[in-house]
Amino acid sequence: MPRHDSAAASLLADEGFSSSGERRVGVPVHETALTNLLARRAGALFPPGAGRSSWLILEPQTGFGIPDVLIVHASTTAVSALRSRGLRLPTLSAARVLANGASSAAGVSPRYAQSLLLRSRREGWTSSAIRATESVVADSLAIEVKLSDARRALQQLSKFRVSTHRAALCMPLDTSHRASRQTLARFGAGLLTADGSRISWEQPARYNPIPTFRRLWLAELLLRSLETESAYRLSASRKSSIAVESDRTRPS
């Protein structure tokens, strides 16, 4: 058995998975086990800080690639206020137009941008509503999980790293040497390594400010995940973080 398969089998045993059963659509079972292990440790690996909570979302549609895991930090009060306002973004293009105006929204035709802007204003997207929404997510981390294909992982990371404040790659310790530290540093991305049932930072993920439209879209992704009960509230235990069925609760 190759070294990375052996490491993955260990992860499967630690997380209670069968080596021959469950698969998430399009994802090998060993990689799924590593993703689940990461989810269980995420709160301690990326703590939200005082006054904020963490939510974990699997495979979100960022508009710039799909990371395996997205973690967002926000106060429960801010999230509750966001939900009560009832303002929604149908597309990333709508977020661009609200943030940049109809005449300077890149990738959106002027006519369509004007239509989006007028509709958004009718729905209640005032300047103050935009400011309140963009401030909801205080920090975010997108993570790509791979067992051994570091080249593919870096390609994926290069797409979605602009969508969030931070980005990182997660790999088993015994295959993590395949990930170029130089490329990660150029992206400002971090590296998480899994050794048995333990995950730790080998290289921290650098914080990068992101534009208003991306912050608006992160807030929308959080809302959508809360509505479908697919956003996992994380605990911030120093030893571990448990993201389980009972934690898929709405903020109060």
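The values are calculated or read from the model by the stated rules, or taken from the named source; none is laboratory data. For clarity, every value in this text was computed on a predicted model and none was experimentally measured. Using ideal geometry, Cβ is built from the backbone for each residue, glycine included, and neighbour counts are taken over all protein chains shown. Accessible surface is based on the protein model in full, side chains and every heavy atom, while ligands, DNA and RNA are left aside. Shrake-Rupley method; radii C 1.70, N 1.55, O 1.52, S 1.80 Å.
Reported count of residues in region 137-166, each being crowded, with 21+ Cβ neighbours inside 10 Å and of a type in the set (K, R), is 3. Restricting attention to region 94-107, the residues that are surrounded by 21 or more Cβ atoms within 10 Å (Cβ to Cβ) and either of a type in the set (V, I, T) or farther than 25 Å from D139 by Cβ (or both) total 2. Note on region 78-93: residues that are within 18 Å of S135 (Cβ to Cβ) and buried (at least 18 other Cβ atoms within 10 Å of the Cβ) total 5. Among the residues making up region 201-252, those that are at pLDDT 95 or above and among the β-branched types (V, I, T) are I210, T212. The residues listed here are S103, S115; of these, the one that is free of Cβ contacts under 8 Å to residues at least 24 places away in the same chain, out of contact with any Phe, Trp or Tyr (no Cβ under 7 Å at 6 or more places or on another chain) and part of a helix (DSSP H, G or I) is S115.
Would you check if L169 is within 30 Å of S135 (Cβ to Cβ), touching a Phe, Trp or Tyr at 6+ places or on another chain (Cβ under 8 Å) and open to solvent by less than 20 Å² (accessible area, probe 1.4 Å)? Write out each step before concluding.
Working: within 30 Å of S135 (Cβ to Cβ): yes; touching a Phe, Trp or Tyr at 6+ places or on another chain (Cβ under 8 Å): no; open to solvent by less than 20 Å² (accessible area, probe 1.4 Å): yes.
No; evaluated as a whole, the condition is false for this residue.
The single residue among S75, S53, S120 that is over 17 Å from L216 (Cα atoms), in contact (Cβ under 8 Å) with a residue 24 or more places away in the chain and open to solvent by less than 60 Å² (accessible area, probe 1.4 Å) turns out to be S53. The residue that is surrounded by the most Cβ atoms within 10 Å (Cβ to Cβ), among those in region 183-221 that are of a type in the set (G, A, S), more than 25 Å from L92 (Cβ to Cβ) and touching a residue at least 40 places away in the same chain (Cβ under 8 Å), is A194.
Exactly one residue among V162, V79 is closer than 30 Å to L192 by Cα, assigned to a helix (DSSP H, G or I) and under 16 Å from the mean Cα position of the chain (by Cα), and that residue is V162. Of the residues that make up region 129-136, is at least one assigned to a helix (DSSP H, G or I), open to solvent by 20 Å² or more (accessible area, probe 1.4 Å) and without any contact (Cβ under 8 Å) to a residue 12 or more places away in the chain? Yes; the residues of region 129-136 include at least one that is assigned to a helix (DSSP H, G or I), open to solvent by 20 Å² or more (accessible area, probe 1.4 Å) and without any contact (Cβ under 8 Å) to a residue 12 or more places away in the chain.
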